[in-house]
Structures are given as structure tokens and as C-alpha cells.
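Right, one structure below, let's go through it.
The values are calculated or read from the model by the stated rules, or taken from the named source; none is laboratory data. The structure displayed is predicted, hence computed values, not measured ones. We place every Cβ from the backbone using ideal geometry, glycine too, and count neighbours over all the protein chains shown.
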Amino acid sequence: MLRYLSAGESHGPCLTVILDGLPAGLPLQPQTDIDPWLRRRQGGYGRGRRQLIESDRADLLGGVRAGLTTGAPLALRVENRDWENWREVMDPAPGGEPRKRAVTEPRPGHADLAGGVKYGHKDLRDVLERASARETASRVAAGAVALKLLSELGIEACTRVVSLAGIACDGGMDWDSLAVLDESPLRCFDREAEARIIDRIDLARETGDTLGGVVEARFRNVPMGLGSHVQWDRKLDGRLAQAVMSIPAIKGVEIGDGWRAAGLPGSEVHDAILHDPEHAYFRETNRSGGLEGGITTGAELVVRAAMKPIATLMRPLPTVDVVTHQRADASRERSDHTAVPAASIVVLAMSALTLAGAALEKLGGDTMRELHERLEAHRAYVASY
């Protein structure tokens, strides 16, 4: 079982990650395996000033020795450089009344009001500091480790933006041109659509607005048989949906054709099963997105997520002050005009954590050697079935 926990606030000293259940013997170096994904999360056209302050990198605190995991829980830390500017505000010591930079005007679309009511806070900073998207740096650090594990098992991964601001920028999937995604300010293949979207982001900046979009995570060379059909909470599609929906601002998840399939007849939705000696069982289409009955089919795993526009607006919506109960403008923190490219990295991270967990459950083993042996045996079994 692969378990992930995190702690830390947006303007606290650091974000902390615990990843339990990794096999021993996984090669892992933060500089090459984790930090590049943290940098990708910070990129993308439309990001705010916070990204100019932070330069995220992961520090290993436990679970790795001489470049290899030991089987013990992995502990990581991602420092918040902005902490120096917030030390007095975020000091955990008692006192300091009245609180500095207290927030009492909840933002529509954010966790501020509901979290304040739930936990009894009138200073809504006690909610927004943890509900902040800054927390997703923890997810990306943990997900990068999962991506490393998957790559050791021969599973490739990528993520991209397929629409932003209502403009499609799919451009067609191209596994041979993944470097283009890192070069693109929007993480998409369609350069013509990219230029139009950038114009739309510039307009949102001028008007104090924000924009959402749709992102896609893909995995190929996934073995058949991960997940299960026998209980609701073991179905891999359900687990992926929960993991991705837990990301701030994500409001919809689909596997494969998802919503589009709901409007088509079954003959145009399901993937015919074929067989030959070279490929064993295979499909010429992949409308299911690599999952049937909660179990991987061996086809590419395709997960898409819809991100709503960010809730912090520079021209804020009306709200009610939770102390005075008077009408007010929603609070404003530093924010992005869009974080859809960054969200694609977080969606990949959470999908990778879920898929890596399913692989460990299927294959078992406490070491990478056992995992490789069992995966080889499983692939041979599937080929001869």
C-alpha cells in the first residue's frame, strides 16, 4: 500500500511530505527525479508573482541512503522562501492579538467560508493557508517519486493542456515530441491555438479576471490487470477520480472519452477486442481510456480533468465580512490569472501516485528486484492467456 501525507501552510516555513510503502532499491535523486517536476509546476503563462519568489526543490529527510530507497517511509521537505516575509504573521507561538493580515472577507469559490464555519475560525487565514494551491507542491514532490517508480517498471507518462479559456489546443497526442510540451508556455502541442489563448490570458490580466481549462495525463505500457472490479473502493477509475478531484479548483474528471461517450451509441463507444500471436489481446481504439470495469486493459491510461477559474479575483466579487456581517469585497491574495498548465503537472502527480499504488498492490514485493521479477512474470502470463 502506497500512502501519501503532507503538512504545511502556504506561507509557513515549508511543506512536508511522507510517502510510505515504497520498495527498497528504487534509485532516487531529488535534483534529477523530483526538482524538474517542481519547476514544471511553477511554470506556465499566466502565473503570479509568487513564482518569482519561490524556486522549489526537495530536500530528502529520510528513507533514502546512497541514492536508493531503503523501504522505510520517505520524508521530503519543500522550503517556502516567502516564509521570511510572513514569519511574524504565521508564528505558531501564542499571542500576537490582534492578528496581523487577518482575513475576514471570504472569497466566493474558495474554501474560506465553509472552512471557517467548520473549524470555528473568524480569521479565515487559518483556512486559506492550507487550502491554498501552494499545497500542491507537496503532491508534485510525492508524485515525482511515483513517476520514478513507474518509469523503473517501464511505464511512460506525460501531461498536457487540451483546452484553456474555452479554446481547444489538443493538437493530437505525440509521444515522440514530449520536449515540445516543456518548451510551450501552455504545455500544449497546438501553437496556433496557443497564441490565441495567450491573448485571452492577457485580457484576463487587464480585467482582473481568471481562466480555467482542461488538462490530460497519459500513461503507456501499463500492464493489464491493475485495479479490481470486486469492490467499489478498489476500482481504479474511482480511485483516480477521487485523487484528481481532490486537487484545488478541479471540478470534473473523465477517463477516456468520458462525457463525449454519454452522447453516442454503444457501437461508437466500446473498443473491439482483437488478438494475434504478436500482440496477444489488443484494441485498435481506446475510447475507454485504458480502463474497463475498474481494471486496466493494457491500453494507454487517459485521465482528463476540468479546472475552474481561480477563485481569487483582482476585481473581487461581493461577499460578507464574517465578523461584522456587512457587505464587503472578497479578500485578495497574490494569485495567478490562470494555473491550468501547472494543474496538468499536479493531475499527473496524483494520477501517478494512484497508479503506482495499484501496481504495488498487484505485484507485491518489498524490493525493486521482486517487483521486476513479478512484473515480467505477469506480462508473460497476459501474453499467453
Check on Leu203, in a loop (DSSP other than H, G, I, E, B) and either surrounded by 13 or more Cβ atoms within 10 Å (Cβ to Cβ) or modelled with pLDDT of 95 or more (or both)
no
All conditions in (1) touching a residue at least 40 places away in the same chain (Cβ under 8 Å); (2) of a type outside the set (Lys, Arg); (3) closer than 29 Å to Gly294 by Cα are true of Ser132 except (3)
The condition from (1) touching a residue at least 24 places away in the same chain (Cβ under 8 Å); (2) more than 18 Å from Ala306 (Cα to Cα); (3) out of contact with any Asp or Glu (no Cβ under 7 Å at 6 or more places or on another chain) that Val230 misses is numbered (1)
Among the candidates Gly71, Gly63, residue that is touching a residue at least 12 places away in the same chain (Cβ under 8 Å), in contact with a Pro (Cβ under 7 Å, 6 or more places away or on another chain), buried (at least 20 other Cβ atoms within 10 Å of the Cβ) and at positive phi
Gly63
Mind listing whichever residues of segment 84-113 are buried (at least 16 other Cβ atoms within 10 Å of the Cβ) and outside any loop (DSSP other than H, G, I, E, B)?
Trp86, Asp112, Leu113
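For segment 206-224, give me the residue count where each residue is surrounded by fewer than 16 Cβ atoms within 10 Å (Cβ to Cβ) and in contact (Cβ under 8 Å) with a residue 40 or more places away in the chain.
As a first pass, look at segment 206-224 and keep what is surrounded by fewer than 16 Cβ atoms within 10 Å (Cβ to Cβ): 206-208, 221.
Keeping just the survivors that are in contact (Cβ under 8 Å) with a residue 40 or more places away in the chain gives 207-208, 221.
Going through segment 206-224 one residue at a time, the tally reaches 3.
Which one of Arg283, Arg234 is of a type in the set (Lys, Arg) and modelled with pLDDT under 95?
Details: Arg234 fails: modelled with pLDDT under 95.
Answer to the selection: Arg283.
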How many residues are polar (S, T, N, Q) and at positive phi when one looks only at segment 221-240?
1
Counted residues in segment 296-322 being more than 21 Å from the chain's Cα centre (by Cα) and closer than 18 Å to Ala352 by Cα come to 3
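Counting residues that are surrounded by fewer than 22 Cβ atoms within 10 Å (Cβ to Cβ), which strands (runs of 3 or more DSSP E) fully inside segment 277-385 reach at least 2? Show your work before the answer.
Values: elements: 280-282, 301-307, 318-320, 327-329.
Counting at least 2 such residues, we get 280-282, 318-320, 327-329.
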